[in-house]
1. Give me, ordered by chain and number, the residues 5 or more places off ALA50 or on other chains with an amide H under 5 Å from its own placed amide H.
2. Label segment 75-135 by shape, choosing from rounded, prolate and oblate, from the square roots a ≥ b ≥ c of the eigenvalues of the Cα gyration tensor; if a/c is under 1.5 it is rounded, and otherwise prolate applies when a/b is larger than b/c, oblate when it is not.
3. How large is the dipole of the chain about the Cα centre if only Lys and Arg carry +1 and Asp and Glu carry -1, each at its Cβ, rounded to the nearest 20 debye?
4. So what J values fall out for segment 178-193 if you push phi through Karplus, 6.51 cos²θ - 1.76 cosθ + 1.60 with θ = phi - 60°, rounded to Hz, Gly and Pro as x?
5. GLU197 label point, 7 Å along Cα→Cβ, cut-off 20 Å on backbone N: hits in segment 116-135?
6. Name the residue from GLN67, LEU172, PHE147 whose Cα lies farthest towards the positive end of the charge dipole of segment 21-186, charges +1 on Cβ of Lys and Arg and -1 on Cβ of Asp and Glu.
7. For the chain, with a Gaussian network of springs between Cα atoms less than 10 Å apart, report the residue from HIS101, HIS167, HIS135 with the top mean-square fluctuation.
8. With a Förster radius of 41 Å, plug the Cβ-Cβ distance of LEU97 and PHE280 into 1/(1 + (r/R0)^6) and report the FRET value to the nearest 0.05.
Amino acid sequence: MIFKSFAARSETVAPVNFKTETGTDLEKARHLLEAGEVVAIPTETVYGLAANALDPDAVVKIYEAKQRPRFNPLIIHLPDWNAVARYAVDIPPEAELLARHFTPGPLTFLLKKSDLIPDLVTAGSPKVAVRIPSHPLTHELLTKLDFPLSAPSANPFGYVSPTTAQHVFESLGGSIPYILDGGPCQVGVESTIVDFENGQIIVRRKGGTSLQAMTEVLGKKPILKTAVEDHPVAPGQLKSHYATTTPLHVGDIAELAVEFRNKKICIIAFGNNAAGLNAFKVFQLSESGNTEEAAKNLFSTMRQADRCGAEVIIAGWLPETGLGPAINDRLRRARTQG
Ligand code: TXA
Ligand code: MG
């Protein structure tokens, strides 16, 4: 793949210091975005760090606030599927089919970009990632703007994604002027990313739209290509993404409890998988073993676990059904290697 370098724009500009405000003022968010500023916005998956996708000077502020490498492209957010035709060309019929079933919602489409999209947004790729979020506040904001919003997850590069306005404030307070507060995110893991190549439907990132649901609509299973080797451009695919500061180990939870018995253990439990185990703290993803509930709680729980005073966090794998695969993917990338 061809990814141009953007050496002309400095990688090291320090974020401007702002007095960050949090609120539900759509007009304020709109004015800031129209003035080329960065605003954190709620979506049903995670909070995003948004700017005018058509203005490279605004987009560059996202990379600066997030301290994200410029070779990682950004998703553009639009109010509805009708708006996609301005920014993408040659939309395949399978994309239309998936869009009918899953938009607005946690599914992102990789489509051939139109000339309106700056290279900085796609990191030089001929494809642009497009998403129609379902969060009502952000939907309303998008309908008021005459440009799409580029938005990565609103976390510093490499850390757990934010699912509340407070999470955003904790890590980006001081670097951005405004956080639009839309309450806790209802899905809790990032969107599924789907790509279309030579008639094939390829999932590049597991996420809030399950493979099961997509398979039912398509009548066939999409191909999974989420490995680092296959797709080095997607930071969500970097192995150390979503990392906690406290070491996190994932595997057979009972064996891990024995292995770390001499440490202060925090367990991230699912259903009854931690029953009978000794721990300093236990946080539950879903008492009833529901993967959607677990996804919604995942990133908040990882943050709580990270700061509960434990020396090590342990978790078991979730079942590979519903949003289980997307959660396991986040745990796999967040866990301590070696
Ligand atoms: O749910 C979500 O998708 C959230 C909310 C805020 O919309 N956004 C999100 O953005 O997770 P981010 O930047 O954290 O992850 C987007 C992923 C990255 O792995 C990026 O590399 C990939 O999408 N991506 C974006 N544009 C792409 C492109 N043109 N080609 C290939 N991959 C792309
Ligand atoms: Mg991210």
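1. Placed amide hydrogens put VAL39, ALA40, ILE41 under 5 Å from ALA50.
2. Numbers: a/c = 1.97, a/b = 1.49, b/c = 1.32.
Prolate, since a/c reaches 1.5 and a/b exceeds b/c.
3. Values: 34 positive and 36 negative charges, 144 e Å.
Here the size comes out at about 680 debye.
4. Whole-Hz 3J(HN,Hα) from phi for segment 178-193: 8, 10, 7, 8, x, x, x, 5, 7, 8, x, 10, 5, 5, 6, 10.
5. 122-131
6. Result: GLN67.
7. Among HIS101, HIS167, HIS135, the largest mean-square fluctuation in the Gaussian network model of the chain belongs to HIS101.
8. Values: r = 49 Å, r/R0 = 1.19.
The pair LEU97/PHE280 has a calculated efficiency of 0.25.
Every number here is computed from the coordinates shown, using simple stated rules; none is lab data. Because the structure is a prediction, the values reported are computed rather than measured. All Cβ positions, glycine included, derive from the backbone under ideal geometry; neighbour counts span all protein chains shown.
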